[in-house]
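This report concerns only the one structure given below.
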Amino acid sequence: MKFYKNLYIGDTIKNPNKIKRKLKRHAKQLSVFVLLRASGKDQLEICHSIVLEQPYYHKKENAPYVVGIAGSYEEALALVCRITEEAVKKNGNADLKRYLFSEPQAAGKA
């Protein structure tokens, strides 16, 4: 599992390092949603952290790239909106992959 350098953190997340450690160890976290870099043409995916416990994600070639951590689905949507607003402001479009992965960003906590 990989984490974005300037990980986006939702307001209700109090200890992001603990959550990252639990995600890496595939521990159950019922109130955690993650923003993942989508494969293919999609930009980002939102999924419940329990989805990452599936054996598919345990393989190195399928390791998820976590861009953000949120305490609820609504908070995850708010993080996606924030990332989109930042991308539009900087690049003039909503190409989130280009915004997040083309160069280092100074963004981070929500």
* Asked: So, in region 50-72, of the ones that are more than 21 Å from Leu100 (Cα to Cα) and of a type in the set (Ser, Thr, Tyr), which residue ends up modelled with the lowest pLDDT?
  -> Tyr57
* Asked: Quick check, is Lys41 basic (Lys, Arg), free of Cβ contacts under 8 Å to residues at least 12 places away in the same chain and closer than 25 Å to Asn93 by Cα?
  -> yes
* Structure fact -> Residue hits (region 19-54; part of a helix (DSSP H, G or I) and surrounded by 12 or more Cβ atoms within 10 Å (Cβ to Cβ)) are Ile19, Lys20, Lys22, Leu23, Lys24, Ser49, Ile50, Val51, Leu52, Glu53
* Structure fact -> Flagged in region 1-18 as open to solvent by 40 Å² or more (accessible area, probe 1.4 Å) and either of a type in the set (Lys, Arg) or in a helix (DSSP H, G or I) (or both), in numbering order, are Lys2, Lys5, Lys14, Asn17, Lys18
* Asked: Can we say Gly68 is assigned to a loop (DSSP other than H, G, I, E, B) and either free of Cβ contacts under 8 Å to residues at least 40 places away in the same chain or open to solvent by less than 80 Å² (accessible area, probe 1.4 Å) (or both)?
  -> no
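The values are calculated or read from the model by the stated rules, or taken from the named source; none is laboratory data. What you see is a predicted model, and the numbers here were worked out from it, not measured in a lab. Positions of Cβ are backbone-derived with ideal geometry, glycine not excepted, and every protein chain shown enters the neighbour counts. In case anyone asks, the SASA skips ligands and DNA or RNA and just uses the protein heavy atoms, side chains included. Shrake-Rupley method; radii C 1.70, N 1.55, O 1.52, S 1.80 Å.
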